[in-house]
Each structure stands twice: as structure tokens, then as C-alpha cells.
Amino acid sequence: MVTGFGRAMLDRWLLDPDIIYLNHGTVGATPRAVLAAQTAIRDEIERQPSRFLLRELAGVGVGVPRRDSSRLRAAAAVVAGFVGARVEDLVLLDNATTGVNAVLQSLSLAEGDELLLTDHAYGSVARTAAFVAARRGARVRTVTLPFPVRRPADLVEAVAGGIGPRTRIAVIDHITSLTAVVFPVAEIAARCRARGIPVLVDGAHGPGAVALDVASLGVDWYAGNLHKWAFAPRPSGFLWAAPGRQANLHAPIVSWGFGEGFPLEFDWASTRDPSALLASPAGIAFLRELGEDAVRSHNHGLAREGATLLTREWGTRLEAPPEMFAAMITLPLPDRAGASESDAERLRDALLYEDGIEVQLHAWGGRIHARISAQVYNDLRDIDRLSRAVLARIG
Ligand SMILES: Cc1ncc(COP(=O)(O)O)c(C=O)c1O
């Protein structure tokens, strides 16, 4: 286990040391060691491109089997171990959006059926649901969650309250993008199961940020990213499907594997660069080298300390109890910072281009909010710098 997290860790990344990077959650940041592993895979591909991409990658083809396990299956086995799944229930794909598309596009829906989402759903997920619904004459029912939220049970009740006779699926976040709240996924899933409603989890921020045991959550599908909190290169994600939910599950891009069943249909795709997916085990290895628990404890602890500092300095309040956040916290800026998305954008750009601080700012509920990501290369001084820079700009 490596100790001494904080700024001293920065040289294990290519991140510009002149920038205070408080935005790990947006697209992740890949450690140097993981990029080196990806480069080694690319070099290996280029030595014998057709052998690698046609024979070894998905393990399909005629003649003598080349390997016991294809390269994708071998990488999937490591990812499966990391997220508490069986390898046969998991496929690697570019990102959470792709996994969500696979599930929603594979649903069989009739006119008048409903897809249940919450008002915290990520934009690309909400758009996918709207697209799928419109094509089938179905509709999206968006539940407004109580916010500020006092306790996880309130989220459970709100989602359960949105279930109606035509609900065919509930799509919930594991950790939301804008509000950074960790949903009580198992509890929500239990309520949905009791009503016969399958659950798709958008786990874009889950793996690595929180300990994950997908098979025990009681959900039907889990689409996760590895390039955010599991240190994998971009793009790397996975889709887990419960054994009973695999039969009619199709890859969103139809290719050679179509009709071959799960997981081969997803593995046997058209020509692409698989190096990020194949290097995702190197990201997991990096996380394990630092110590999964140690990383989470640093990140969660820093996020909470940061929240204490920022609420004190900015005179605002968290909109959920600290225990409902993980490695990211979202909190409102003082009202005088403005209210619109363009106010948020102006301040975000000024912080980056003039103050050298990269942080996510957005408008939500009529106020500007900051979402602060805490990663092992950050310490409280970074958040203090953010606090002072914001106050200097808004007066
Ligand atoms: C909650 C949530 N869902 C989905 C996504 C989409 O991730 P990706 O673009 O990697 O598919 C994000 C990205 O930040 C997210 O925050």
C-alpha cells in the first residue's frame, strides 16, 4: 500500500502540475503506468494486427482454437472479479452510455408502456430513454426526487412511488452526475423487484469510487465506467446482466456477433482499437497497488473535509447528508455567483483559464453548484484554493 496521498502523487499522472485538477469524475485521468500498459498492448497489436484483431481478440474463427480464453474474455475476467460478477455475465464496452443503450434498445416495449427515470438521470441516459420510447409509442415517466434530500429512504420512496401499471423498467443512478449523491441501489431494487419491475443501474461513477458487488445488488443490469474511478484508459466500461436478462440483450451496434448470444455478441464486433479495454486490468492493478480501501478512504474523507471547508467559507449548505456522497461532493455557491448555466460557464472558464483550477460548475435548482472530485493526487489545499478563488471572483 502506498501512503502519502496528495500533491506528491501527481507525478504518477501526466496531469499539468500548474493546474489544480478537481474534476476527476468527468472523464477520469489515466495514470502513467496504465498508459504504458496500453501502449504495450498497442505495440503487441501492431506486430501482428490481423492475428490479434481477428483471431485473438474475441476468440472466434475457424480452425484450431488459438487460446483458451480470448483477450477480451481474459480482461473481462479481471473486471468481473473487481466488480463482484461472474465473467460470463459481463461484457466490456466503451462506456456506460453504450451499456445503457444496449439495454434500453433491447427492451421489448408496447405502445403506452413506461420507462421510469429520475430527474437526476444523466443527460445521455435521459435522451436514450426518450429515443427508445418515441420509437415504440412508449413514454418516459420522470420522477422528481426530494431535494435537498434528508436520508436515503426518501429516494427509495420517491422511486417506488413512480411505479405504475405500465412501468416496464426503472433506470436509476448509482452515483448521480450533477448532484453526486450515492443512491441506495439495493433498497430501490428490492422495491422494484417486489412490483416485478427490472432495474437498470447507470453506474458511470460507481466502480472504484465505492466498493462494488454487482451480483448482490438485486438489479437486472449494471452499466459501469472503468475510466473514471478505476484508473482505466478511456474509453473503458462494462455491462453486467443478470443471467435471466441476457437472452434478448443485443449490442447497440449490430455486427458479426449478432445472434451469437451474450457475451460473444458484444465481444465479436467490427474493427476498433481494443487497447483501452484490454488495459483496464492495469487500471484495476494500479488501484489495488495504492490500496482500494486506502484510496476510497482518502477520497471520501477529502470530499467531506472539503465540504466542511466550502460550506463554512461560502456560507452555503450541503443538500444531502455527508454520508450520501462518495468521492465527489456537490454543493451550492453563494447566491451572488448567479443562477444560470451561462453564469456557471463563465465562472468555470475564469477559474480554469485565469486561476488554473479545473472544477465542474453547473446550474441546478436555480443556483450554481460546484461538483468537487477528490482523488489521491488532491489534498485540502486544492479545495482551499478553489474556495478562495471563487470568493475573489464573486466578491
Ligand atoms: C451519471 C452518469 N451517467 C453516464 C455518464 C456517461 O459516461 P460516458 O460518457 O463515459 O458513457 C456519466 C458521465 O459523466 C455520468 O456522470
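Structure notes:
- Scanning the stretch 9-23 for residues that are out of contact with any helix residue (DSSP H, G or I) (no Cβ under 9 Å at 6 or more places or on another chain) and surrounded by 13 or more Cβ atoms within 10 Å (Cβ to Cβ) gives LEU10, LEU15, ASN23.
- Flag for GLY365 being of a type outside the set (Ser, Thr, Tyr), surrounded by fewer than 22 Cβ atoms within 10 Å (Cβ to Cβ) and at pLDDT below 95: yes
- When the test is whether a residue is out of contact with any Ser or Thr (no Cβ under 8 Å at 6 or more places or on another chain) and in a strand (DSSP E or B), VAL91 passes it.
- The residues of the stretch 18-44 that are within 16 Å of the ligand (Cβ to nearest atom) and aliphatic (A, V, I, L, M), listed by number, are LEU22, VAL27, ALA29.
- The set of residues in the stretch 72-83 that are more than 18 Å from ARG288 (Cβ to Cβ) and of a type outside the set (D, E, K, R) contains only LEU72.
- Residue list for the stretch 342-364, filter: under 20 Å from THR311 (Cβ atoms), in contact with an Asp or Glu (Cβ under 8 Å, 6 or more places away or on another chain) and small (Gly, Ala, Ser): ALA363
- Summed over the stretch 276-319, residues that are open to solvent by less than 10 Å² (accessible area, probe 1.4 Å) and not in a helix (DSSP H, G or I) total 1.
Yes/no matrix, rows are residues, columns are (1) out of contact with any strand residue (DSSP E or B) (no Cβ under 8 Å at 6 or more places or on another chain); (2) closer than 22 Å to LEU239 by Cα; (3) more than 15 Å from the ligand (Cβ to nearest atom); (4) in a helix (DSSP H, G or I):
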position: VAL132; (1), (2), (3), (4): no, yes, yes, yes
position: ARG135; (1), (2), (3), (4): yes, no, yes, yes
position: LEU145; (1), (2), (3), (4): no, no, no, no
position: VAL149; (1), (2), (3), (4): no, no, yes, no
position: GLU157; (1), (2), (3), (4): yes, no, yes, yes
position: GLY164; (1), (2), (3), (4): no, no, yes, no
position: VAL171; (1), (2), (3), (4): no, yes, no, no
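- Filtered by the rule that a residue be within 16 Å of the ligand (Cβ to nearest atom) and either closer than 22 Å to GLU292 by Cα or hydrophobic (A, V, I, L, M, F, W, C) (or both), the stretch 84-106 gives VAL91, LEU92, LEU93, ASN95, ALA96, VAL100, ALA102, VAL103, LEU104.
- Residues in the stretch 181-210 that are without any contact (Cβ under 8 Å) to a residue 12 or more places away in the chain and either in a helix (DSSP H, G or I) or open to solvent by less than 20 Å² (accessible area, probe 1.4 Å) (or both): ALA194 only.
The values are calculated or read from the model by the stated rules, or taken from the named source; none is laboratory data. Since the model is a prediction, treat every value here as computed from it, not as a measurement. FYI the Cβ positions are ideal-geometry reconstructions off the backbone, even for glycines, and counts take in every protein chain you see. SASA here: full protein model, heavy atoms, side chains in, ligands and nucleic acids out. Shrake-Rupley method; radii C 1.70, N 1.55, O 1.52, S 1.80 Å.
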